[in-house]
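Okay, so here's the structure we're looking at.
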Amino acid sequence: MTSKNNIFDPVQNLKDIEAKFEMVQILNENGEIVNEGLDPKLSDEKLVELMSRMVFTRILDQRSISLNRQGRLGFYAPTAGQEASQIASQYALEKEDFILPGYRDVPQIVWHGLPLYKAFLWSRGHFVGGQIPEDVNVIPPQIIIGAQYVQAAGVALGMQKRGKKSVAVTYTGDGGSSQGDFYEGINFAGAFKSPAIFIVQNNQFAISTPREVQTSATTIAQKGVAAGIPSIQVDGMDPLAVYVATRDARDRAVAGDGPSLIETVCYRYGPHTMAGDDPTRYRTSETDNLWEKKDPVVRFRKYLEAKGLWTEEKEAEVIENAKEEIKAAIKQADGVAKQKVTDLINLMHTDALPYNLQEQLEIYTEKESK
């Protein structure tokens, strides 16, 4: 309903807000720069390193799926298709920044310093996989959907209170943006202007629920407006756009300008997880083919080849090195002593165990000694 003086028009206000969230892109599907003004002008060395990490991550995904099928890994959520969103965002961070990942965000914390063998142990549910080295600013991947958003707001506030020039970065998917923790996290950080970067990887499906029925909002990015924080939607298959958006958010956060919300529009080529999900039941081959043409690794390869920075030989070398590192990491994980029930009981309390656990400890100590 519009008033006689045409001032009161909430429907138009919503349309005006939504119209401002145009997807930012620097590199198109053909590997061509289409927004010269936003090109981060990364050095040749950094461009090659970013590509190398993306290729490594694609191989890690392939090998992890294979290891899962062999029964050598436990829980695993495929990452192929999200390399630009994941790796380019992490690449824009500094070592002192803190990453709070979701369960699909293992690649980011590996590149942030978590030893790969520990990532494999985390997948197996082994407690050693959750023992993070002191100089690595990450936490184990969060299984509860969206819970890491509240945690990130708290970590960011802690950094702020201590005068740290660093940020807390967290990820979730389009489904995670429907959780209460999502709204509480961005609102809390917005209210305190804490240095947090909230990344929503909109890969089009929350398990089998398509993006269009997840929310009536035209973009997920616009949800940040309600929390009073700067928000942006970027092409999540474009590593340069993701890098620029993340770096800009970080620069503003450490300058005291508060948090940001970044929606990366991307796609997961595989199933939601390897725990029985069948994407052919809710996705069409036409949709898959459309997104395969936007493949972030292919797109970046074309860009670097045109600049004379990438060759088939270079990629083959990266792939071979990735396979060797993954092989060594899984061997190291296999060499860690198998987890025992007594390990879990002893790790639960720093002080004396309550009587019920003490009884269980004695029972399992005897069983394991046989």
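The values are calculated or read from the model by the stated rules, or taken from the named source; none is laboratory data. Since this is a predicted model, take the numbers as computed values, not measurements. Cβ atoms come from the backbone with ideal geometry, glycine included; neighbour counts cover every protein chain shown.
Things worth noting here:
- Residue match in the stretch 257-276 (condition: in the same structural domain as Val48 (by TED's automatic domain parsing), more than 22 Å from Val106 (Cα to Cα), more than 22 Å from the chain's Cα centre (by Cα) and free of Cβ contacts under 8 Å to residues at least 40 places away in the same chain): no
- Taking residues in the stretch 326-351 that are without any contact (Cβ under 8 Å) to a residue 40 or more places away in the chain, and partners anywhere that are β-branched (Val, Ile, Thr), the pairs with Cβ atoms closer than 7 Å and at least 6 places apart or on different chains are Thr342/Thr365.
- Residue in the stretch 17-26 that is at pLDDT 95 or above, more than 21 Å from Leu93 (Cβ to Cβ) and surrounded by 15 or more Cβ atoms within 10 Å (Cβ to Cβ) present: yes
- Residue in the stretch 189-198 that is buried (at least 20 other Cβ atoms within 10 Å of the Cβ), assigned to a loop (DSSP other than H, G, I, E, B) and either in the same structural domain as Met23 (by TED's automatic domain parsing) or on the phi > 0 side of the Ramachandran plot (or both) present: yes
- For the stretch 149-208, a residue qualifies if it is among the charged types (D, E, K, R) and either more than 15 Å from the chain's Cα centre (by Cα) or at pLDDT below 95 (or both), and the qualifying residues are Lys161, Arg162, Lys164, Lys165, Asp181, Glu184, Lys193.
- Only one of the listed residues (Lys323, Lys293) is within 24 Å of the chain's Cα centre (by Cα), surrounded by 14 or more Cβ atoms within 10 Å (Cβ to Cβ) and on the phi < 0 side of the Ramachandran plot. That residue is Lys323.
- Looking across Ile132, Ile65, Ile109, one residue alone is over 26 Å from Leu261 (Cα atoms) and free of Cβ contacts under 8 Å to residues at least 40 places away in the same chain. It is Ile132.
- Residue in the stretch 328-348 that is aliphatic (A, V, I, L, M) and over 30 Å from Lys370 (Cα atoms) present: yes
- Flag if Lys161 is in the same structural domain as Glu83 (by TED's automatic domain parsing) and at positive phi: no
- Wholly enclosed helices (runs of 4 or more DSSP H) of the stretch 201-288 bearing at least 3 residues crowded, with 18+ Cβ neighbours inside 10 Å and of a type in the set (A, V, I, L, M, F, W, C): 239-252
- Evaluation of Ala316 against (1) under 28 Å from Leu42 (Cβ atoms); (2) touching a residue at least 12 places away in the same chain (Cβ under 8 Å) (one fails), failing number: (2)
- The requirement of being farther than 23 Å from Ala245 by Cα and crowded, with 20+ Cβ neighbours inside 10 Å is fulfilled nowhere in the stretch 86-101; no residue meets it.
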